[in-house]
1. Among (1) more than 19 Å from Gly479 (Cβ to Cβ); (2) touching a residue at least 40 places away in the same chain (Cβ under 8 Å); (3) buried (at least 20 other Cβ atoms within 10 Å of the Cβ), where does Thr162 come up short?
2. Inspect all residues belonging to the range 103-123 and state whether any of them is within 29 Å of Gly478 (Cα to Cα) and surrounded by 14 or more Cβ atoms within 10 Å (Cβ to Cβ).
3. For the range 144-156, does any single residue satisfy the condition of being surrounded by fewer than 21 Cβ atoms within 10 Å (Cβ to Cβ), within 25 Å of the chain's Cα centre (by Cα) and not assigned by TED's automatic domain parsing to the domain that holds Thr110?
4. What tally of residues in the range 1-49 results from selecting those that are among the β-branched types (Val, Ile, Thr), in contact (Cβ under 8 Å) with a residue 12 or more places away in the chain and not in a loop (DSSP other than H, G, I, E, B)?
5. Got at least one residue in the range 226-233 being of a type in the set (A, V, I, L, M), over 16 Å from Gly288 (Cα atoms), assigned to a loop (DSSP other than H, G, I, E, B) and under 32 Å from the mean Cα position of the chain (by Cα)?
6. I need the full set of residues from the range 50-93 which are within 60 Å of the chain's Cα centre (by Cα), in a strand (DSSP E or B) and of a type in the set (Val, Ile, Thr), in order please.
7. Taking the range 317-350 as the region of interest, how many residues are touching a Ser or Thr at 6+ places or on another chain (Cβ under 8 Å), closer than 24 Å to Thr401 by Cβ and outside any strand (DSSP E or B)?
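The values are calculated or read from the model by the stated rules, or taken from the named source; none is laboratory data. The structure presented is a predicted model; accordingly, all values stated were derived computationally and were not measured. Cβ coordinates were reconstructed from backbone atoms using ideal geometry, including for glycine residues, and neighbour counts include every protein chain displayed.
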Amino acid sequence: MKTTAKAQRVHDDGRVVDLDASTSQQWASSAPQVASVEPQPDGTVKVTALQPGSALITVNVDEVLGEATLEITPPPPVLTSITLTPATASVLQGSTQQFTAQGSYSDGTTADVTSSATWTTSNTAIATVSSTGLGTGVAGGGPVTLTATLGDVSGTAQLSVTGWTSAGSMSTSRDNHTATRLDSGRVLIAGGRNGTTPLSSVESYDPATNSWSPVGALSNGRFAHAALFIPEHGSVLVTGGYNGTTPLRRAEVYDPATDAWYYAGDMAMGRYHHTITRLPSGNVLVTGGTDGNKALATVEVFEPFTSIWFPASPMSTARFHHTATLLPSGKVLVSGGSNGSGSLSSAEVYDPATDSWAPAATLVTSHSLHAATLLPSGKVLISGGQSLTEPSSSELYDPDTNSWSAAGAMVEGRSRHTATLLASGQVLVAGGDGSSDDNTAELYDPATSSWSATASMAAPRGAHTATLLPSGRVLVVGGEDGTRPLATAELYVP
């Protein structure tokens, strides 16, 4: 800081006269490291403050001394930056995360400015933030940017919300439909049931625009059917189902390039509540189901390049509401289900190389309307389902030892739910029927073999579908809430 000073002569008669350049003046500073003096041509002096301290500024005019004490105080510290802690965070939908703001100043000091800063969020639909830095997850998504501002200085942090967000609504409410992800990333929702009415309508979800559009309809309305993506053709195969009066034999293939369905032959018998599995050869295995009167043990194989169906060796046990899982060995594990009288604890393994079935170890408990998920370890997780003993049970099948082991009790017992393997290796279980229709969701962690609750969906739903999207999010569609079918869809954001 610099300032200009001048000397004045006070006469005996009381006159005060400014000294100018015509008067010889000698200026000095007692502490030149604190303040320096520089006489100017006009008789004034320029005083420069160099550092905090005290300096005596003197002037000698004709053997007469004048002096003044200059006290230099440090300037107030200036805020230079704001740092938010934590810099990144993730919360469950409906949960909170406290952020703090620390200001750094020009003098090297720091101070907590959490309460004095102004807080904002880049997206209030996903996360809000209070005036004291408390972030709240509103809906799944993010990361959103939280900003703390004081004066013209700001600091930011990122907050992601694990939970659910709307994926819009289909034009038609439906349950017991199928959902198949296409090469484009779109998800094809086919058929299903609206009340007692079988549906032939088909809709497509576009993750890029979070929007729905109608596509070509099935030739037959059907529900409780099965669908599978055929990567060689980029097409979707739909098999069986029920049209309200008759189990269907007819299979259809959807071609996204032409937005049309084509006849794909007839199975040997009509069936619904069956399974469909793509084999390593590219052929498709269909097992069991019901013809409306009894459980089926019959098995058929579809050859996509010729659209021809072949009979395969039957299972040892007739069953529907079971699961079929392709194992790393190329064999297929069929587990549980119902024979029409109750839930089953039996399991068997199909070997496509020999077209033969072999008994697998018996499950720890019986399961029907359960879900099966192949884990990265090669083990198979069975979750929930209707059971005569324990509806909240889960268990693991180890193909290497042909054995089942308990995987802990789920947070809630449920059936007609979905189970989706996430990119993290965890398994998301959503909805289903428990003591009531359920909107809850939970996660299975293979590393700890434990279950934990996660954010709940906006609506209870069972007999819905769940599809893992390329983004890592999970699309849950339709289903029914115990009183009516649903058209709504939701996205789970891990």
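1. Thr162 satisfies all of (1) more than 19 Å from Gly479 (Cβ to Cβ); (2) touching a residue at least 40 places away in the same chain (Cβ under 8 Å); (3) buried (at least 20 other Cβ atoms within 10 Å of the Cβ) except (3).
2. Within the range 103-123 (the criterion being within 29 Å of Gly478 (Cα to Cα) and surrounded by 14 or more Cβ atoms within 10 Å (Cβ to Cβ)), the answer is yes, since at least one residue qualifies.
3. No, the conditions are met nowhere in the range 144-156.
4. Residues that pass the stated criteria total 6.
5. No - not one qualifying residue is present in the range 226-233.
6. Ile72, Thr80, Ile82, Thr83, Thr85, Thr88, Val91
7. Here the count works out to 7.
Matching residues to (1) within 34 Å of the chain's Cα centre (by Cα); (2) at pLDDT below 95:
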{"position": "Gly337", "(1), (2)": "yes, no"}
{"position": "Gly342", "(1), (2)": "no, yes"}
{"position": "Ser346", "(1), (2)": "no, no"}
{"position": "Leu369", "(1), (2)": "yes, no"}
{"position": "Ser377", "(1), (2)": "yes, no"}
{"position": "Thr420", "(1), (2)": "yes, no"}
{"position": "Val429", "(1), (2)": "yes, no"}
